[in-house]
Amino acid sequence: MDPLRILAIDTALGLCSACVFDQDSDTAISSESIPMDRGHAEALMPLIERVIHRIEGGFASLDRVAASVGPGSFTGLRVGLAAGRAIGMAAEIPVVGVNTLSAFAAPLLGQPGDTMIVSVIDARHSHVYLQLMSSEGKLVIAPQIISMTDAVAAIGHQPVRIVGSAASLLAAALQEQGRSSHAEADLAGADIDWIARLGAIAHPEFSPPSPLYLRPPDATPQTNGRIALM
């Protein structure tokens with residue numbers, strides 16, 4: 001398969017990011033990332049336009065769009081995925097989804113040793129989104145929302161490296177139970193380059209740009225005054 005040029009988009013967590021990654025040169029040829037917890041809807045399209053403006057050929061030069069699917073903010077995910085789908089439709093190119101937890105783990109894969117890699121995102125209320133992989137990339141615990149207590153129990157006594165937005169939280173919980181771990185610095189979001197790299201190898205049929213919701217939304221429709229259907 002010919003090398004791809006991928007537009008990657010991430011609005012899952014505390015960053016609004018986009019890059020154009022060129023698989024032939026194995027580098028991001030244009031990239032921008034802005035820290036933000038809210039406001040992705042207003043910031044994303046101007047950011048993408050700036051990123052695209054810096055590359056030769058513009059949107060017409062793209063072969064694929066990759067967008068983070070979460071887990072993460074409900075609002076943020078919808079913004080990024082809607083933009084990715086719209087660009088893919090307009091440019092008539094495939095759009096793939098990339099798991100945020102896998103993007104956190106990707107830079108650590110393939111390193112020497114058999115230490116497990118734990119990707120973790122703060123889900124609040126003493127819960128985390130968690131995924132556990134071997135150093136070779138084998139999925140050991142699939143993405144799930146889990147209490148911090150159950151996360152510590154699931155990891156057990158095996159040596160782990162922890163990465164993600166809640167790496168320090170999980171490391172502290174493990175330390176309280178007398179278990180050692182190596183925690184990377186907390187990250188506001190995944191590296192947009194790695195979302196692009198994973199998007200380049202993803203199969204469009206098996207990696208749809210659909211949000212990975214692991215918990216129901218906090219807001220639910222009101223039922224007061226609703227008329228029952230006969």
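Nothing in this text is a laboratory measurement; each read-out follows from the coordinates by a stated rule. These figures come from a predicted structure and were not determined experimentally. Don't worry about glycine lacking a Cβ; one is built from the backbone with ideal geometry, like all the others, and counts go over all protein chains shown.
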**Asked** Tell me, I201, I93, I141 in order of fewest to most beta-carbon neighbours within 10 Å?
**Response** I201, I141, I93
**Prompt:** Which far-off residues, 5 or more places away or on another chain, put their amide H under 5 Å from the one on V140, with H placed in the peptide plane?
**Reply:** L132, M133, S134
**Prompt:** Based on DSSP H assignment, which helices of the chain show an axial Cα extent of at least 20 Å together with a mean Kyte-Doolittle hydropathy greater than or equal to 0.0?
**Reply:** 74-91
**Complete:** Checked region 163-209 with the C-alpha gyration tensor, a ≥ b ≥ c its square-rooted eigenvalues, rounded below a/c of 1.5, otherwise prolate if a/b is larger than b/c and oblate if not; verdict prolate
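How much mean residue ellipticity at 222 nm does the chain get from its helices, if each DSSP H run of length 4 or more adds -39500 (n - 2.57) and you divide by all residues, to the nearest 500 deg cm²/dmol?
It comes out at -8500 deg cm²/dmol, rounded to the nearest 500.
At 0.36 nm per residue, and after removing the present C-alpha to C-alpha distance, how many nm does the segment from S147 to A41 gain when stretched out fully?
35.1 nm
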**Request:** Give a quick list of trypsin sites (Lys or Arg not before Pro) in region 98-190 that DSSP marks as loop, anything other than H, G, I, E or B, with at most 15 other Cβ atoms within 10 Å.
**Result:** K138
**Prompt:** Looking at V65, V120, A28, which one has the Cα that reaches farthest to the positive end of the dipole of the chain (charges on Cβ: Lys, Arg +1; Asp, Glu -1)?
**Reply:** V120
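Please return the longest range in the chain lying between exposed loop sites, taking GluC sites (Glu not before Pro), DSSP loop only, at most 12 other beta-carbon atoms within 10 Å, and leaving the sites out.
Longest stretch, sites excluded: 137-204.
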**Complete:** FRET efficiency (H125, S168; Cβ distance; R0 22 Å; to 0.05) is 0.80
**Request:** Evaluate the distance, in nm, between pseudo-label points positioned 7 Å from the Cα of M89 and of I55 along their respective Cα→Cβ axes.
**Result:** 2.2 nm
**Fill in**
At q = 0.14, 0.18 1/Å the base-10 log of I(q)/I(0) from the Debye formula over the alpha-carbon atoms of region 1-115 is -0.56, -0.90
**Complete:** With R₀ set to 41 angstrom, the calculated FRET efficiency between the beta-carbons of F74 and D2, to the nearest 0.05, is 0.65
**Complete:** For S168, S68, ascending order of other Cβ atoms within 10 Å (fewest first) is S168, S68
**Request:** Quick one: which residues, 5 or more positions from S30 or on another chain, have an amide H under 5 Å from its amide H? H modelled 1.01 Å from N in the peptide plane, none for Pro or chain starts.
**Result:** V20
**Computed P(r) (all Cα pairs; region 102-183; 10 Å bins; percent)** = 21, 59, 20, 1
**Pairs of alpha carbons in the chain whose separation is greater than 24 Å (percent)** = 45 percent
**Request:** Find the relative contact order for the chain and round it to a whole percent, using C-alpha pairs within less than 8 Å whose residues are 6+ positions apart.
**Result:** 22 percent
**Item:** For I146, I195, I55, order by how many other beta-carbon atoms lie within 10 Å, fewest first
**Value:** I55, I146, I195
